[in-house]
Amino acid sequence: MNKRNFRLALSLAAIMAALPMTSKAQETALRVIVPYSAGGSADVIARMLTDGLKEHMGRMAIVENRPGAGGRIALSSLKAAPGDGAAVVLAFTGVLVNSIVFQNAKDFSFKDDFVGLAQVGTMPAGLAVPWQHKANNLKEFIDLRKQEGDFVYGNMGPGSLTHLAGLRFAAATHLKANPIAYQGGAPMANDLMGGQIDSGLDTVGDFVERHKGKKLKVLGVMGSKRFSLLPDVPTMAEQGVANVEAEMWLGFLGSSKNSPAFNARFQEAVKKTMESPALREKMGKLIDIEYKASADFRKVMEADFATWTPLIVSSGLVQN
């Protein structure tokens, strides 16, 4: 064999050796793990985004629902995944808050095991009351609670963001908090609409249709600005109650074992996916679209740790 043919043979061998690896990378589906049951807002948005991720990453992407334990089941699954870009998690802020509550658990270390890849949107918490409630604004509600008794409010359970937001609101307004835990937004909303509970805190998006249908009243939004889907409802700051923001982000988390190259490629795929006008129109009906790249998203999470850790610790909510 002459030198030219020898070099050609080597080149062909290299190409053939690379083919199985390339094929395998294309065939392996990216798991988009959602810590909630199918049908919720995060699950719906995840399914909206997967088509774009398929296109811009050149690989399959599937949604995998892993609800339970405040997001710890989903995050444990991400930690156990190979560090090759096999999986990401799409979740709300609550998974971070829950990790503070269980900061002594052995499942994972949020700060060490995960990285923020991209934020896709935000949704503030809101305070709602039954439609027949005597209060029609935040001041009237606070005055009534001071006259009639405790600030009894439904929330998503001990250590949830809505639980903590209620404690923060109570401290700011000098009310005595009496939180009532629920296992989901739907049963709490049903009790609100039926008048079995005086008030409730949840993501505003879950109140929108019931507010518009005059089944309950959202008295205030716990965001830095009004929620786009409820422009008639003022923020709490607008009504004189400042420094009680509880704004939830929705974003992608990745394993700290993943390569910087994968992280950059995934972030760019999310950005390109969210540039689609059709997708933005659909997403905008569920959440305030607010893309943040990895560096800015990590700053948001750092601020969350600084905000919620002292409140969780002082409230005695840290679990071993």
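Among the residues of the range 66-85, some residue qualifies, meaning at least one is closer than 20 Å to LYS271 by Cα and either more than 13 Å from the chain's Cα centre (by Cα) or of a type in the set (Asp, Glu) (or both). Just wondering, is there one or more residues in the range 129-136 that are open to solvent by 10 Å² or more (accessible area, probe 1.4 Å), within 26 Å of SER315 (Cβ to Cβ) and out of contact with any Gly (no Cβ under 6 Å at 6 or more places or on another chain)? No, the range 129-136 contains no residue that is open to solvent by 10 Å² or more (accessible area, probe 1.4 Å), within 26 Å of SER315 (Cβ to Cβ) and out of contact with any Gly (no Cβ under 6 Å at 6 or more places or on another chain).
Residues in the range 67-83 that are buried (at least 20 other Cβ atoms within 10 Å of the Cβ) and either within 22 Å of THR273 (Cβ to Cβ) or touching a Lys or Arg at 6+ places or on another chain (Cβ under 6 Å) (or both): 2 in all.
Answer with yes or no whether ALA165 is among the small types (Gly, Ala, Ser), open to solvent by 20 Å² or more (accessible area, probe 1.4 Å) and either modelled with pLDDT of 90 or more or closer than 30 Å to ASP232 by Cβ (or both). No; evaluated as a whole, the condition is false for this residue. Set side by side, the residues MET222, MET248 differ, and just one is at pLDDT below 95 and either of a type in the set (Phe, Trp, Tyr) or crowded, with 17+ Cβ neighbours inside 10 Å (or both), which is MET248. Among the residues making up the range 180-210, a single one is without any contact (Cβ under 8 Å) to a residue 40 or more places away in the chain, open to solvent by less than 50 Å² (accessible area, probe 1.4 Å) and closer than 18 Å to VAL101 by Cβ: TYR182. On the stretch given as the range 271-319, residues that are more than 18 Å from HIS163 (Cα to Cα) and among the hydroxyl-bearing types (Ser, Thr, Tyr) total 4.
Could you please find all residues in the range 269-320 being touching a residue at least 12 places away in the same chain (Cβ under 8 Å) and polar (S, T, N, Q)? Correct list: THR273, SER276, SER294, THR309, SER315, GLN319, ASN320. Kindly establish whether GLU268 is open to solvent by 50 Å² or more (accessible area, probe 1.4 Å), charged (D, E, K, R) and within 17 Å of the chain's Cα centre (by Cα). So GLU268 fails the test.
Take GLN147 and tell me if it is free of Cβ contacts under 8 Å to residues at least 12 places away in the same chain and of a type in the set (S, T, N, Q). Criteria met by GLN147.
Among the criteria (1) at pLDDT 95 or above; (2) small (Gly, Ala, Ser); (3) open to solvent by less than 40 Å² (accessible area, probe 1.4 Å); (4) under 30 Å from LEU219 (Cβ atoms), the one ALA293 does not fulfil is (4).
The values are calculated or read from the model by the stated rules, or taken from the named source; none is laboratory data. Predicted model, so just to flag it, every value in this text is computed and none were measured. Note that we place each Cβ from the backbone using ideal geometry, even for glycine, and neighbour counts take in every protein chain shown. Remember, those area values only see protein heavy atoms, side chains included, never the ligands or the DNA or RNA. Shrake-Rupley method; radii C 1.70, N 1.55, O 1.52, S 1.80 Å.
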